[in-house]
Amino acid sequence: MATTQRHAPPPYPLRNGEPELTERWGRLMIFTAYAHAALSFTGRNHTTMRRALHRLLTGSAAALMAAAAVAVPGAPALAADPAVRLHFPDIAVAGSVPKATPLFAWIDVPDRPGDAPAFAKVTVRVDTAGVDEIATVAAADDFQLSEDQSCDRAGTVISCTLTGRFELEPGTNLMALLALQVTAKAGAAQDAHGELAFSARLDELPAATTTSTVTIGEGVDLAGEISTPRTVAPGANIDAGLRVSNAGTTPVKSAVLVMLGWDPSLSPGAGFGNCRYGFLTVCTFDDELTAGTTYELATPMRLKIPADAAAGSRASALGGWYTPGDFRELIETAPGLDEETLGPKGTGPAVGLRAVPAKGAARAAASQVDTDPKNNILVSEFVVGGSRRPDTAAVGATVTGEPGDEVAARVGFVNNGPGTLYHWTFENTDPSTHIFVPAGLKAVRVDERCHPMVFEDGEEPDDFATGLTGASEYLCLLEESRTKAKASTLFDFTFRVREEPSAAAGRVLINEDFFTEYPIDRDGSNDTATITVQLSGGEGGGLPVTGANAGLLGAGGALLLLAGATGLLLVRRRRIRFTA
């Protein structure tokens, strides 16, 4: 019987079963998680938001803030020479809404032969005396990093202890230690400031320290717009429809837009000179936003829809509007962000904001803080129109062999058309191929795009993060690739016929409701295919692909391999391990 533990597919590329990330990529993940963390607390049941947040936060908020401790019994004690750097950004607060901000530790471990070092306890101390007259500070209760974690307060000092066994690896290890909620005190004077003092100790190593300045800012309220999904024609050139309102009573001196979701292929051209185009799109606007006024881009941001995009293809962008001060904190949370992570600036003219309509108001004061981040959200969404949606059909295989044989198999799906499935450009064009391995086979080599979901009793790997073989179910996901009409996308497996063979069949299942929120497939009758096992009793080996699916794998069924998940950001120079 299969175990009930299911494992979410890792969000970053794997190499030998482990994440390979550049330090800049790790910083970008912090930035994106922190930049949009407030959006997950809006309470809005908006499907577009959930999709975009999933793409943004899978592996960033989860890995950085809530990953389980890595148990490593018997691992060597922590060496005396890891370098520990703490980081908590300078922040500004205003109004009665607390600002939640995490404290991170960057732990550099020398690359030396031998077992990975580990530590068993983290002790964190925060002295709030320097801000006691202007702000209240508390440890966030829902920031749980280990099963045995406790925080206490004595006067102005918050002390937290995390215990367990935490594994480190050579290179840079990143660990979130705690999160603080900082709230301005009523009556605190604008521009008043003070310092928080932090220290953290791993086991009995010397403590690492840092400080952070807390400033009382001026409260303002930027509000984004959640648009209704628009139907657009294949090949259309459309206005992204980006708007922001000053929902408060105080003028906002300038604004920053941070946005995720659209594939760069949708917005070709020079780009605006005041925007950066990377994993995120970040635009800065020097325009003053009058109270009670809605603004749009003076020159629309245009999106070009592929002419052969399948009907029903859906794309959305999720963003947030920030004051320059709030945005600066995001940058400081991830020190070292540069053109490689934020992306290059556009080479075209800068774009401004124009009022629709404008009202008069007084000049704004100095530093500004958004006191209601829940309404900062911007969502722009569209669906490709058309009278006939595509049909995707599952592709199975026949595995022939005798006990002990290792045979190759390719399973997946075919796009019967019409239209091309752009798997990363649009968010509902990957049918999420779910593979149920036949009981008489064991997967011994697994396509890198496929991730284990369920393991049979006795087949569980020692390390679920690295054990990709031997699962009874796999989920195969696509990113930067496309499947044209009449073409197939297949996943490569090698199966070993078990010593106690069984002819029981497995199956390939696509377009499941659980994985496909907005299904594009028009015909569900062919969403299941069989993985047949034929026990040869003879020489074994080899894999004939026979039956109804064989015609799908001919000259017209080109296999489109994954082009890469994150482009230039995945230049693998340094490894970062996310530890909690």
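The values are calculated or read from the model by the stated rules, or taken from the named source; none is laboratory data. This is a predicted model, so every value here is computed, not measured. Cβ atoms come from the backbone with ideal geometry, glycine included; neighbour counts cover every protein chain shown. Accessible surface areas use protein heavy atoms only, side chains included; no ligands, DNA or RNA. Shrake-Rupley method; radii C 1.70, N 1.55, O 1.52, S 1.80 Å.
If you take just the strands (runs of 3 or more DSSP E) that sit entirely in the stretch 172-226, which of them hold at least 3 residues that are under 26 Å from Ser159 (Cα atoms) and touching a Lys or Arg at 6+ places or on another chain (Cβ under 9 Å)?
On the way: elements: 193-202, 208-216, 218-220.
Qualifying strands (runs of 3 or more DSSP E): 193-202, 208-216.
How do the strands (runs of 3 or more DSSP E) wholly within the stretch 254-315 filter down when requiring 1 or more residues that are in contact with a Cys (Cβ under 6 Å, 6 or more places away or on another chain) and farther than 26 Å from Pro390 by Cα: which remain? So that I can check it myself, show each step before the final result.
On the way: elements: 255-260, 275-277, 281-285, 294-297, 302-304.
Hits in the stretch 254-315: 255-260, 275-277, 281-285.
Condition (residue is open to solvent by less than 30 Å² (accessible area, probe 1.4 Å), free of Cβ contacts under 8 Å to residues at least 60 places away in the same chain and in contact with a Ser or Thr (Cβ under 6 Å, 6 or more places away or on another chain)) applied to the stretch 260-270: is it met by at least one residue?
As a first pass, look at the stretch 260-270 and keep what is open to solvent by less than 30 Å² (accessible area, probe 1.4 Å): 260-261, 263, 266.
Now restrict to residues that are free of Cβ contacts under 8 Å to residues at least 60 places away in the same chain: none.
Checked against the condition, which is being open to solvent by less than 30 Å² (accessible area, probe 1.4 Å), free of Cβ contacts under 8 Å to residues at least 60 places away in the same chain and in contact with a Ser or Thr (Cβ under 6 Å, 6 or more places away or on another chain), the stretch 260-270 yields no hits at all.
Report every pair of residues separated by at least 6 positions or lying on different chains whose Cβ atoms are under 6 Å apart, first residue within the stretch 504-520 and in contact (Cβ under 8 Å) with a residue 12 or more places away in the chain and within 18 Å of Val383 (Cβ to Cβ), second of a type in the set (Lys, Arg) and open to solvent by 40 Å² or more (accessible area, probe 1.4 Å).
As it stands, the answer is Ile520/Arg389, since those pairs meet every condition given.
Where residues in the stretch 457-473 are acidic (Asp, Glu) and farther than 23 Å from Thr532 by Cα, which of them is modelled with the highest pLDDT? Before you say what the answer is, go through the steps one by one.
First pass over the stretch 457-473, keeping only residues acidic (Asp, Glu): 457, 459-460, 462-463, 473.
If we keep only those that are farther than 23 Å from Thr532 by Cα as well, we get 460, 462-463.
Details: Glu460: 67, Asp462: 59, Asp463: 56.
Here the answer is Glu460.
Just checking, which of Thr294, Thr290, Thr299 is of a type in the set (Val, Ile, Thr), open to solvent by 20 Å² or more (accessible area, probe 1.4 Å) and closer than 16 Å to Asn376 by Cβ? It would help to see each step written out before you state the result.
Values: Thr290 fails: closer than 16 Å to Asn376 by Cβ; Thr299 fails: closer than 16 Å to Asn376 by Cβ.
Only one candidate passes the filter, namely Thr294.
Can you tell me which condition Lys484 does not meet? The list is (1) more than 20 Å from Val399 (Cβ to Cβ); (2) open to solvent by less than 60 Å² (accessible area, probe 1.4 Å); (3) at pLDDT 90 or above, and all the others hold.
If we test Lys484 against (1) more than 20 Å from Val399 (Cβ to Cβ); (2) open to solvent by less than 60 Å² (accessible area, probe 1.4 Å); (3) at pLDDT 90 or above, just (2) comes out false.
Just checking, how many residues over the stretch 238-247 are farther than 11 Å from Pro300 by Cα and open to solvent by 20 Å² or more (accessible area, probe 1.4 Å)?
Applying the first criterion (farther than 11 Å from Pro300 by Cα) to the stretch 238-247 yields 244-247.
Filter again for open to solvent by 20 Å² or more (accessible area, probe 1.4 Å), leaving 245, 247.
Matching residues across the stretch 238-247 total 2.
Can you find, within the stretch 420-441, the residue that is farthest from Ser316 (Cα to Cα) among those that are at pLDDT 95 or above and not in a strand (DSSP E or B)?
Pro438
Hey, can you tell me all the residues within the stretch 464-481 that are touching a residue at least 60 places away in the same chain (Cβ under 8 Å) and either open to solvent by 60 Å² or more (accessible area, probe 1.4 Å) or of a type in the set (S, T, N, Q) (or both)?
Answer for the stretch 464-481, where residues must be touching a residue at least 60 places away in the same chain (Cβ under 8 Å) and either open to solvent by 60 Å² or more (accessible area, probe 1.4 Å) or of a type in the set (S, T, N, Q) (or both): Phe464, Ala465, Thr466, Ser472, Glu480, Ser481.
Just to check your reading of the model, which residue among Val407, Val414, Val444, Val454 is open to solvent by 10 Å² or more (accessible area, probe 1.4 Å), assigned to a strand (DSSP E or B) and over 14 Å from Thr530 (Cα atoms)?
Val444
Take the stretch 487-520 and flag every residue that is surrounded by 18 or more Cβ atoms within 10 Å (Cβ to Cβ) and of a type in the set (D, E, K, R).
Of everything in the stretch 487-520, just one residue is surrounded by 18 or more Cβ atoms within 10 Å (Cβ to Cβ) and of a type in the set (D, E, K, R), namely Arg496.
For the stretch 317-337, give me each residue that is modelled with pLDDT of 85 or more, open to solvent by less than 10 Å² (accessible area, probe 1.4 Å) and outside any loop (DSSP other than H, G, I, E, B).
Gly320, Trp321
Return the residues of the stretch 206-226 that are touching a helix residue (DSSP H, G or I) at 6+ places or on another chain (Cβ under 6 Å) and surrounded by fewer than 23 Cβ atoms within 10 Å (Cβ to Cβ); say none if nothing qualifies.
Listed by number, the list holds a single entry, Ala223.
Please determine whether any residue of the stretch 161-171 is surrounded by 19 or more Cβ atoms within 10 Å (Cβ to Cβ), modelled with pLDDT of 85 or more and assigned to a strand (DSSP E or B).
yes
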